[in-house]
Amino acid sequence: MRFIVGIAFALLLRSAAAQEYPTKPIRVLVPFAPGGAVDTTARVLAQAMEQRVKWHFVIENRPGGNGFIATTAVKTAAPDGYTLLMAHTGEFAVNPALFDNVPYELERDFVPITMVSDAPMLYLATASAPFNSFQELVAQAKAKPGAISFGSAGNGSINHLAGEWLAQAAGIQLLHVPYKGGAPAAAAVAAGDVHFGVMAVPGAAPHIKSGRGKVIGITTAKKSPLDPSWATPRDAGIPDLDASIWVGLFAPKGTPQAVVERINREVRETLKSPDVQKRFVESAGGEAVGMTQEEFLARIKADAERYKRVVQKAGVKPG
């Protein structure tokens, strides 16, 4: 009887702690510099949460080391709900396929809380490229194997893998040209140094507006909320291609489940706001996505398997 009462009391304390949470600002570490998709997602969500539930956030950018710096910092942080990680596809679905020694493991070291946003990348061609669609690109590449070049943000980047995935799914050979970041890769497309590039919407937008770049299509099976006219691979008969940049929240392993559930619940409720949804579309060409913990974990695992196959088949090595 005492044992049962003890358990009930402990559960009551956990519930009370979750209801009182948070009692101080929540630190959110971002593995990238300000201005990118992950940083933008973190700031849009933080502002919306402060307005809706009066929670206070401190966004801390710790770029570098293929995302290892920020990710390992959260891994070793106190599991109390006051240090969270805002990460993207690369940290948990790509890095394990690329690196032999990743200093963290998803299920051993973290608790996935929820996906926050999900966005397609663009296949953006230089204005003078001799193709205007997936079908024309594939035809050109089949006529001249290895002659069509594509730029990315670097070897092993998700942009690179989305280009390799296109080649594998369409049965063509492409020439990869890595750059040191998304901005140089986008500039190379605009200048005509490569035939096309794979990039996030914010990086492509200025070149689309200037007319120096043209959208061949997007990287996802689902239509873009920013421009539904952009072709998906499935529109072109390439069904086995679905690469997106998702961004989500993670907590250190050991964070009380009641606190994790509270964060999940409040974030998902915040993401339902039409204004918040509009901001995600306008800032990154993506959509606000709230998931259960189980759904988010399943998505990460599925993506990890897909990228592992792409990496192994293409023989991709990290830059």
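The values are calculated or read from the model by the stated rules, or taken from the named source; none is laboratory data. What you see is a predicted model, and the numbers here were worked out from it, not measured in a lab. Here the Cβ positions follow ideal geometry from the backbone for every residue, glycine too, while neighbour counts run over all protein chains shown. The protein model used for the area step is the full one, side chains on, heavy atoms only, and it has no ligands, DNA or RNA in it. Shrake-Rupley method; radii C 1.70, N 1.55, O 1.52, S 1.80 Å.
Structure above, values below:
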item: Residue identified as modelled with pLDDT under 95, over 29 Å from Thr292 (Cβ atoms) and in contact with a strand residue (DSSP E or B) (Cβ under 6 Å, 6 or more places away or on another chain) among Gly163, Gly213, Gly146, Gly154; result: Gly154
item: Residue within the range 257-266 that is at pLDDT 95 or above, part of a loop (DSSP other than H, G, I, E, B) and either in contact with a Ser or Thr (Cβ under 6 Å, 6 or more places away or on another chain) or open to solvent by 50 Å² or more (accessible area, probe 1.4 Å) (or both) present; result: no
item: Among the residues listed as Gly182, Gly237, the single one being under 16 Å from the mean Cα position of the chain (by Cα), open to solvent by 20 Å² or more (accessible area, probe 1.4 Å) and of a type in the set (Gly, Ala, Ser); result: Gly182
item: Conditions (1) open to solvent by 30 Å² or more (accessible area, probe 1.4 Å); (2) touching a residue at least 60 places away in the same chain (Cβ under 8 Å); (3) over 27 Å from Ala243 (Cα atoms): number failed by His56; result: (2)
item: Segments classed as helices (runs of 4 or more DSSP H), wholly inside the range 37-146, with at least 1 members that are closer than 26 Å to Ala186 by Cα; result: 37-53, 68-75, 95-98, 134-143
item: The range 268-300: number of residues that are assigned to a helix (DSSP H, G or I) and loosely packed, with under 15 Cβ neighbours inside 10 Å; result: 8
item: Complete set of residues in the range 199-250 that are in a loop (DSSP other than H, G, I, E, B) and of a type in the set (Ser, Thr, Tyr); result: Thr219, Thr220, Ser224, Ser229, Thr232
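Matching residues to (1) within 17 Å of the chain's Cα centre (by Cα); (2) crowded, with 23+ Cβ neighbours inside 10 Å:
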residue: Asp39; (1), (2): yes, no
residue: Arg52; (1), (2): no, no
residue: Leu85; (1), (2): yes, yes
residue: Val94; (1), (2): yes, yes
residue: Pro103; (1), (2): no, no
residue: Glu107; (1), (2): no, no
residue: Leu122; (1), (2): yes, yes
